[in-house]
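Undergrad: Once you've had a glance at the structure underneath, I'll fire off some questions.
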Amino acid sequence: MSNPLNQFFQELHNGNDTVLSIDIAANGQLIANLQNHLQNTQDDMMSSLVEKAKLHNGSWTRYNILVVSFLKFCRDVDPWSLWESFDLVFDYYQSLSNCLLNDSYPLESLVPLFKLTTDIVIPLAARLDENHEALGTRKHQFLAHVSSIISKVFNSVKPKFEEISSRFEDLPEKQKVLLYVSNRLNNIYMRIDSSSSCANIFKNVKPKSTIQRFSQFPIREQIEYRYLLGRYYLLNHRVSNAFHQLNRCFEMLASQQTVTPALRRNMHRVLNYLIPAGILFGKVPSMQMVAQVSPELARSYTPLIHIVCEGNLAAFHCWLAEHETSLRARRLLLLLLEKMPMLLYRNLVRRVVLLVAFPQNLNKISYQAVENAIRISLGPPDRLARLPIIYRTIHAPENVGNVLETLVTLTFLKANCFPLSGQCVFRKTANIRDIFPNINEKLVILFPLNNEDSWLDE
């Protein structure tokens with residue numbers, strides 16, 4: 001019978017690094033053969049055997065460490081439960097990533113292996129973190145560890161301006177996975193409540209890239225990158241930037257020829273954030289279209305759209321309370337609680353103008369009329385008392401002056417406020433849009449798109 005270890009070393013000498021895969025589904029036969037062969041081999045003997053093999057002429061120490069960690073994995077892994085062997089997996093993953101940090105070595109064949117292993121390690125780390133209390137570990141401990149490993153690989157990607165490529169296929173392997181690595185890293189940061197760390201990644205993708213245009217990256221990674229960037233902007237309450245990225249992301253998904261279950265899931269995933277961003281930005285998506293992708297989201301957000309149009313603060317607070325759990329999970333509750341009321345106030349004041357000023361051909365409304373409207377919109381006090389405190393202590397009819405002045409400052413209302421006389425005066429017109437311009441046009445002026453993202457649309 002041939003020696004499986006010698007065959008293994010021969011494959012490595014031939015440049016076949018795929019034999020280093022810990023994917024049991026794909027490489028299980030080799031792993032099983034090596035496990036039987038190495039049962040009585042101690043760690044120091046294993047290291048000695050690897051050194052004697054003279055892989056890469058014995059000049060690449062980190063590669064030898066990788067091979068040793070792979071052999072330890074083969075010897076000790078429980079093939080029925082990676083859960084029981086996670087220390088072996090993480091040790092191997094760390095060794096593999098270390099090999100990618102120095103571009104002076106022939107690491108091209110290891111990059112696809114790193115990508116494959118990353119897709120194994122991240123779900124494993126997530127499952128371990130879900131059971132951190134039973135394991136006695138810290139919350140997010142394993143995903144945080146994985147992020148530290150991936151970030152070193154990301155930081156090691158260096159642009160070579162003398163090798164600017166016009167084709168993705170011509171890129172070095174590390175350049176090919178630049179967007180993949182950044183997406184996996186940002187995904188983890190979102191999951192472990194460390195979204196502030198995403199800023200450094202988004203800022204450095206373009207400087208690290210050797211490719212001419214963002215559109216040359218794989219479409220799947222482009223979509224994921226825009227989705228994560230849009231979520232990042234939403235977390236930082238930068239609504240216009242968030243809407244632009246999420247909307248472009250959804251358009252790219254919707255342009256796919258075949259609607260598969262996976263595509264529908266991804267569209268649903270984007271709509272979770274695009275819908276609230278669209279409402280805040282004044283670009284409400286078609287609920288008929290949303291219902292085709294996700295009837296659940298359509299049922300949830302259709303009432304909110306009507307509430308915003310009516311300027312009904314009481315119904316808005318009730319809607320937030322009803323959906324609080326899901327909004328908290330998506331980090332949307334504070335965003336809506338902070339940004340949405342000004343849209344409701346705008347539409348409420350708009351109704352006052354239409355019902356009070358226009359019929360009398362007036363170009364002003366009194367503070368008292370707006371205050372009364374706010375009082376009606378907030379609902380009776382006993383109804384407010386049943387809601388959590390965060391929904392009943394922020395808004396009050398007496399804040400009418402602040403409401404009107406803020407609407408004017410945001411250019412949601414084109415008027416002049418006179419607190420002493422208690423009047424809000426606007427131009428005399430029969431066109432309500434002259435007084436209440438489109439929200440999205442004003443938001444784009446007030447909060448322009450980030451110029452650093454312009455390369456995404458080139």
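Undergrad: Of 110, 30, 71, 66, which residue is at pLDDT 95 or above and either more than 22 Å from residue 125 (Cα to Cα) or among the acidic types (Asp, Glu) (or both)? First the steps, then the outcome.
TA: Working: 110 fails: either more than 22 Å from residue 125 (Cα to Cα) or among the acidic types (Asp, Glu) (or both); 71 fails: either more than 22 Å from residue 125 (Cα to Cα) or among the acidic types (Asp, Glu) (or both); 66 fails: either more than 22 Å from residue 125 (Cα to Cα) or among the acidic types (Asp, Glu) (or both).
After applying the criteria, what remains is 30.
Undergrad: In addition: Could you please find all residues in segment 428-451 being aliphatic (A, V, I, L, M) and part of a helix (DSSP H, G or I)? Walk me through it before giving the result.
TA: Going through segment 428-451, the residues aliphatic (A, V, I, L, M) turn out to be 430, 432, 435, 439, 443-446, 449.
Those that are aliphatic (A, V, I, L, M) and part of a helix (DSSP H, G or I): 432, 439, 443, 444, 445, 446.
Undergrad: Sticking with this one: From the list 414, 442, 428, exactly one residue is out of contact with any Cys (no Cβ under 6 Å at 6 or more places or on another chain) and surrounded by fewer than 15 Cβ atoms within 10 Å (Cβ to Cβ). Which is it? Spell out how you get there, then give the answer.
TA: Values: 414 fails: surrounded by fewer than 15 Cβ atoms within 10 Å (Cβ to Cβ); 442 fails: surrounded by fewer than 15 Cβ atoms within 10 Å (Cβ to Cβ).
428 is the lone residue from the list that is out of contact with any Cys (no Cβ under 6 Å at 6 or more places or on another chain) and surrounded by fewer than 15 Cβ atoms within 10 Å (Cβ to Cβ).
Undergrad: Among the numbered criteria (1) surrounded by fewer than 20 Cβ atoms within 10 Å (Cβ to Cβ); (2) in contact with a Ser or Thr (Cβ under 7 Å, 6 or more places away or on another chain); (3) not aromatic (Phe, Trp, Tyr), which single criterion is violated by residue 185?
TA: The single condition residue 185 does not satisfy is (1).
Undergrad: Given 106, 112, which one is closer than 30 Å to residue 158 by Cα and surrounded by 14 or more Cβ atoms within 10 Å (Cβ to Cβ)?
TA: Working: 106 fails: surrounded by 14 or more Cβ atoms within 10 Å (Cβ to Cβ).
Unique residue meeting the criteria: 112.
Undergrad: Further, regarding this structure: Determine, yes or no, whether residue 126 is surrounded by fewer than 20 Cβ atoms within 10 Å (Cβ to Cβ) and out of contact with any helix residue (DSSP H, G or I) (no Cβ under 7 Å at 6 or more places or on another chain).
TA: Details: surrounded by fewer than 20 Cβ atoms within 10 Å (Cβ to Cβ): yes; out of contact with any helix residue (DSSP H, G or I) (no Cβ under 7 Å at 6 or more places or on another chain): no.
Here the answer is no, as residue 126 does not meet what is asked.
Undergrad: While we're looking at this one, here's another question. Can you list the helices (runs of 4 or more DSSP H) lying wholly within segment 51-146 that have 3 or more residues being within 17 Å of residue 12 (Cα to Cα) and either out of contact with any Pro (no Cβ under 8 Å at 6 or more places or on another chain) or assigned by TED's automatic domain parsing to the domain that holds residue 41 (or both)?
TA: Values: elements: 61-76, 86-99, 110-130, 132-135.
Fully inside segment 51-146 and qualifying: 61-76, 86-99, 110-130.
Undergrad: Please give the number of the condition residue 308 fails out of (1) of a type in the set (A, V, I, L, M); (2) surrounded by fewer than 17 Cβ atoms within 10 Å (Cβ to Cβ); (3) under 28 Å from residue 236 (Cβ atoms).
TA: The number of the failed condition is (2).
Undergrad: Counting only residues that are surrounded by fewer than 18 Cβ atoms within 10 Å (Cβ to Cβ) and of a type in the set (Ser, Thr, Tyr), how many does segment 196-236 have?
TA: 3
Undergrad: Quick check on residue 134: is it over 26 Å from the mean Cα position of the chain (by Cα) and at negative phi?
TA: Yes, satisfied.
Undergrad: Additional query: Restricting segment 337-360 to residues that are surrounded by fewer than 18 Cβ atoms within 10 Å (Cβ to Cβ) and without any contact (Cβ under 8 Å) to a residue 40 or more places away in the chain, which is farthest from residue 307 (Cα to Cα)?
TA: Among those that are surrounded by fewer than 18 Cβ atoms within 10 Å (Cβ to Cβ) and without any contact (Cβ under 8 Å) to a residue 40 or more places away in the chain, it is 360.
The values are calculated or read from the model by the stated rules, or taken from the named source; none is laboratory data. Computed from a predicted model, the values in this text were never measured in an experiment. Positions of Cβ are backbone-derived with ideal geometry, glycine not excepted, and every protein chain shown enters the neighbour counts.
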